[in-house]
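Student: The structure under discussion is supplied below as structure tokens; questions concerning it will follow.
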2 protein chains.
Amino acid sequence: MDMLDRDGLTESEFLQRYSPGDYERPSVAADMVIFTVTDADADSYRKLPEKELRVLLIRRGGHPFLGQWALPGGFVRPDETTEQAAARELQEETGVDDVYLEQLYTFSDVGRDPRTWVMSCSYMALADSSQLQLQAGDDADDAAWFKVSYRLLRERKELIDGGFIKALQYELRLSSGEVELAAVVERTVTAKPASTATSYSIISNDGLAFDHAKIIAYAVERLRGKVNYTDIAFNLMPKLFTLTELQQVYEVILDKELLKAAFRRKVADLVAETDHYTENAGHRPSRLFRRNMEDYR
Amino acid sequence: MDMLDRDGLTESEFLQRYSPGDYERPSVAADMVIFTVTDADADSYRKLPEKELRVLLIRRGGHPFLGQWALPGGFVRPDETTEQAAARELQEETGVDDVYLEQLYTFSDVGRDPRTWVMSCSYMALADSSQLQLQAGDDADDAAWFKVSYRLLRERKELIDGGFIKALQYELRLSSGEVELAAVVERTVTAKPASTATSYSIISNDGLAFDHAKIIAYAVERLRGKVNYTDIAFNLMPKLFTLTELQQVYEVILDKELLKAAFRRKVADLVAETDHYTENAGHRPSRLFRRNMEDYR
DNA sequence: TGAATAGTGTCTTTTAGACAGTATGAC
DNA sequence: GTCATACTGTCTAAAAGACACTATTCA
């Protein structure tokens, strides 16, 4: 390119002389909602264990939010993308690097970090629990996998002039052993004649650092939204699994029971059967399946 | 909170003494893909005009990418969210402030801005064209509304060890009067046994600044994805519209013809009929509808 | 009257929901 | 045989696709 600008400079001349101004810049953190699905303790050896959706949190060892629980994350460096920063943190926290990673949303509320101007570019990671070391307190950090519950608590709709406001409050409950965290997050849809806007806010929060309740709520909603029309759930499954296990994963994500026959029809093209079966259960063995890579939509 | 950290400080003491380190921070820009739908010139007064999906671009008056076309946007300031920055830029560029705004994705590729470290937090805005001044060259800037075409160009699938790579190339064409811009963007899905990853890359680019071809492609895909299961399209409609116009908007977004009867069934609950009709068309008048705000799902 | 669009009726196909039935291995 | 789960068959209901038909205005 040889175009000259107002000062008669070429692009390379311009770039050589360019110096960034000294206006303020934010720090950008990559924070991660790492989901996995684990087995609950079975009541009896004959019953199948229930599945639980879990998320990794880290107990803060310093101010601010000392003693509270936060999502794993860290600051993005100049030589990497936000995604690479997320993958790097994930590797450091969990020791795995080959997991599903999806950018969620960039949170930038003023004052969301009391120290300084920090934006959070958040990611959702999905990992098969059999590849993870699930023990808490692995690092010097106090890390733990929390069971996730996210349920509609209250619903309010109000008609306004030519539109409406709809507010949905969801209760987020996180539990790990003795530790119980809870928060209420509200999603508000404001529909006006010309435009519709959606906003999230934290109504109450007990034990979660920063605005991380909002980020986790956003992640659960994204996961629920995608589970039905994508094959995202397979990122939570081991290589071989039974169709009942796959259904349990869908159910624990959606917090809703599904009908077996309909579920099997729905996933029929997504899975491929193998010649392996489960063994030594107190009941009929189940065929093991793997993800079907051949005819992907 | 009166918890003390390792140094024996309370949270407020900690914050008072806190000083941000001098490590490098990125600039964060809010860039916007502003969509609207306009009428093409009708062949005959008796025929209905076709609809066109349009996006606002600004011709760069300085380096880098001098003379090329870029999305409107600007840097986020410390006292505002990325969304507020986007809304502010939108107001400055188009004079409207009551439009639909949705965060898309944060692009952070290293070197995406040749000057310095800049991330782009991108937004999609949807506006009713009757509220906009559609003339180009409104500001001192050279601004124009480009007709958007986004079509699948090539599809490639390759089976790899235990997984596959699927690459979809889309051609993005933007035209405004004599100006024609074109780019090819590839979406690559890499499915491995443990995880699936999706990435976007620019294959070719003629006339678009920065990585904005990728951002526009991402916006079109988001819009197409949401049009079928949300009421997002109403943000592109005037207060009163015919069902044929609504269908045309769906069709121009999806780049696909829809069946009239099925379409009307689908949107039946989303619209409310009025007692007004179109007038002076060269054919039977059409009932005007408005968006139904009463029974929102 | 005819060109062009508005709007409806109905048949078929597909998909989802519901539920009952049979099958099988460990004890 | 019994328990618990595996797996299948089939009826019904709802949604989507396809297409033809009638209705209405204006030049």
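The values are calculated or read from the model by the stated rules, or taken from the named source; none is laboratory data. Please read all numbers here as calculations on a predicted model, not as lab measurements. Every residue, glycine among them, receives a Cβ derived from its backbone with ideal geometry; neighbour counts consider all protein chains shown.
Student: Assess whether residue A:9 counts as being facing another protein chain (nearest Cβ under 8 Å), out of contact with any Asp or Glu (no Cβ under 9 Å at 6 or more places or on another chain) and of a type outside the set (D, E, K, R).
Tutor: yes
Student: Name the residues in the stretch A:238-297 that are more than 8 Å from DNA strand C (Cβ to nearest atom), out of contact with any strand residue (DSSP E or B) (no Cβ under 9 Å at 6 or more places or on another chain) and touching a residue at least 40 places away in the same chain (Cβ under 8 Å), would you?
Tutor: Answer for the stretch A:238-297, where residues must be more than 8 Å from DNA strand C (Cβ to nearest atom), out of contact with any strand residue (DSSP E or B) (no Cβ under 9 Å at 6 or more places or on another chain) and touching a residue at least 40 places away in the same chain (Cβ under 8 Å): A:238, A:244.
Student: Scan the stretch B:102-112 residue by residue and report those that are more than 7 Å from chain A (Cβ to nearest Cβ) and either under 16 Å from the mean Cα position of the chain (by Cα) or buried (at least 19 other Cβ atoms within 10 Å of the Cβ) (or both).
Tutor: Scanning the stretch B:102-112 gives B:102, B:104, B:107.
Student: Out of (1) surrounded by 12 or more Cβ atoms within 10 Å (Cβ to Cβ); (2) in contact with a strand residue (DSSP E or B) (Cβ under 7 Å, 6 or more places away or on another chain); (3) at pLDDT 95 or above, what's the single condition that is false for residue A:141?
Tutor: In the conditions (1) surrounded by 12 or more Cβ atoms within 10 Å (Cβ to Cβ); (2) in contact with a strand residue (DSSP E or B) (Cβ under 7 Å, 6 or more places away or on another chain); (3) at pLDDT 95 or above, residue A:141 misses (3) alone.
Student: Follow-up question, since we're still on this one. Can you tell me how many residues within the stretch A:49-87 are among the small types (Gly, Ala, Ser) and surrounded by 19 or more Cβ atoms within 10 Å (Cβ to Cβ)?
Tutor: Going through the stretch A:49-87 one residue at a time, the tally reaches 4.
Student: Still on this structure, I have one more. Suppose we keep only residues that are β-branched (Val, Ile, Thr) and either within 23 Å of residue A:124 (Cβ to Cβ) or in contact with a Pro (Cβ under 7 Å, 6 or more places away or on another chain) (or both) within the stretch B:192-219. Which one would you say is nearest to the other protein chains (Cβ to nearest Cβ)?
Tutor: B:196
Student: Okay, next question. Could you check the stretch B:12-43 and list, in sequence order, the residues that are crowded, with 20+ Cβ neighbours inside 10 Å and either on the phi > 0 side of the Ramachandran plot or more than 8 Å from chain A (Cβ to nearest Cβ) (or both)?
Tutor: Matches in the stretch B:12-43: B:29, B:30, B:31, B:32, B:33, B:34, B:35, B:36, B:37.
Student: Something else now. Restricting attention to the stretch B:185-213, which residues are within 18 Å of the chain's Cα centre (by Cα) and either crowded, with 20+ Cβ neighbours inside 10 Å or farther than 26 Å from residue A:234 by Cβ (or both)?
Tutor: Listed by number, the residues that qualify are B:185, B:202, B:208, B:209, B:210, B:211, B:212, B:213.
Student: May I pose another question? Which ones in the stretch A:115-127 are within 7 Å of chain B (Cβ to nearest Cβ) and either surrounded by 18 or more Cβ atoms within 10 Å (Cβ to Cβ) or within 26 Å of residue B:123 (Cα to Cα) (or both)?
Tutor: Within the stretch A:115-127, A:116, A:117, A:119, A:121 meet the criteria.
Student: Hey, any hits in the stretch B:211-219 for a residue that's more than 16 Å from DNA strand D (Cβ to nearest atom), β-branched (Val, Ile, Thr), outside the structural domain of residue B:117 (by the TED database) and outside any strand (DSSP E or B)?
Tutor: Checked against the condition, which is being more than 16 Å from DNA strand D (Cβ to nearest atom), β-branched (Val, Ile, Thr), outside the structural domain of residue B:117 (by the TED database) and outside any strand (DSSP E or B), the stretch B:211-219 yields no hits at all.
Student: Scan the stretch A:147-156 and give yes if some residue there is polar (S, T, N, Q), under 25 Å from residue A:108 (Cα atoms) and modelled with pLDDT of 95 or more, otherwise no.
Tutor: Scanning the stretch A:147-156 turns up no residue that is polar (S, T, N, Q), under 25 Å from residue A:108 (Cα atoms) and modelled with pLDDT of 95 or more.
Student: Check the stretch A:266-276 and report whether any residue there is part of a helix (DSSP H, G or I), assigned by the TED database to the domain that holds residue A:243 and out of contact with any Ser or Thr (no Cβ under 8 Å at 6 or more places or on another chain).
Tutor: Yes; the residues of the stretch A:266-276 include at least one that is part of a helix (DSSP H, G or I), assigned by the TED database to the domain that holds residue A:243 and out of contact with any Ser or Thr (no Cβ under 8 Å at 6 or more places or on another chain).
Student: Identify, from the list B:228, B:235, the residue that is buried (at least 16 other Cβ atoms within 10 Å of the Cβ), within 29 Å of residue B:31 (Cβ to Cβ) and within 14 Å of another protein chain (Cβ to nearest Cβ).
Tutor: Of B:228, B:235, the one residue that is buried (at least 16 other Cβ atoms within 10 Å of the Cβ), within 29 Å of residue B:31 (Cβ to Cβ) and within 14 Å of another protein chain (Cβ to nearest Cβ) is B:235.
Student: Sticking with this one: For residues that are assigned to a helix (DSSP H, G or I), of a type in the set (A, V, I, L, M) and more than 15 Å from residue B:36 (Cα to Cα), tally how many sit in the stretch B:233-260.
Tutor: Summing the residues that are assigned to a helix (DSSP H, G or I), of a type in the set (A, V, I, L, M) and more than 15 Å from residue B:36 (Cα to Cα) in the stretch B:233-260 gives 1.
Student: Okay, next question. Would you tally the residues in the stretch A:270-297 being under 26 Å from the mean Cα position of the chain (by Cα) and either more than 14 Å from chain B (Cβ to nearest Cβ) or surrounded by 11 or more Cβ atoms within 10 Å (Cβ to Cβ) (or both)?
Tutor: Number of matching residues: 8.
Student: Answer with yes or no whether residue B:66 is closer than 18 Å to residue B:183 by Cα and over 15 Å from the mean Cα position of the chain (by Cα).
Tutor: Yes.
Student: Since residue B:187 meets every condition but one in (1) in contact with a Phe, Trp or Tyr (Cβ under 6 Å, 6 or more places away or on another chain); (2) assigned to a helix (DSSP H, G or I); (3) away from DNA strand C (no atom under 11 Å from the Cβ); (4) more than 11 Å from every other protein chain (Cβ to nearest Cβ), which condition does it not meet?
Tutor: (2)
Student: Quick check: anything in the stretch A:252-266 surrounded by 18 or more Cβ atoms within 10 Å (Cβ to Cβ) and within 24 Å of residue B:193 (Cβ to Cβ)?
Tutor: Yes.
Student: For the stretch B:222-232, which residues satisfy the criterion of being in a helix (DSSP H, G or I), of a type outside the set (Lys, Arg) and touching a residue at least 60 places away in the same chain (Cβ under 8 Å)?
Tutor: Listed by number, the residues that qualify are B:223, B:232.
Student: Follow-up question, since we're still on this one. Would you call residue B:44 assigned to a loop (DSSP other than H, G, I, E, B), away from DNA strand C (no atom under 16 Å from the Cβ) and either over 16 Å from the mean Cα position of the chain (by Cα) or not charged (D, E, K, R) (or both)?
Tutor: Taking the combined requirement at face value, the residue does not satisfy it.
Student: Also, quick follow-up: When residues of the stretch A:44-61 are filtered for being within 16 Å of DNA strand D (Cβ to nearest atom) and within 14 Å of chain B (Cβ to nearest Cβ), how many remain?
Tutor: 0
Student: As an exercise: evaluate residue B:27 against (1) among the hydroxyl-bearing types (Ser, Thr, Tyr); (2) under 26 Å from residue B:237 (Cβ atoms); (3) more than 16 Å from DNA strand C (Cβ to nearest atom) and give the number of the one condition it does not meet.
Tutor: (2)
Student: Look at the stretch A:62-92 and say how many of its residues are in contact (Cβ under 8 Å) with a residue 60 or more places away in the chain and more than 10 Å from chain B (Cβ to nearest Cβ).
Tutor: So the count comes out to 4.
Student: How many of the residues making up the stretch A:245-268 are closer than 20 Å to residue A:288 by Cα, more than 10 Å from DNA strand D (Cβ to nearest atom) and not aliphatic (A, V, I, L, M)?
Tutor: Residues flagged as closer than 20 Å to residue A:288 by Cα, more than 10 Å from DNA strand D (Cβ to nearest atom) and not aliphatic (A, V, I, L, M) within the stretch A:245-268 amount to 3.
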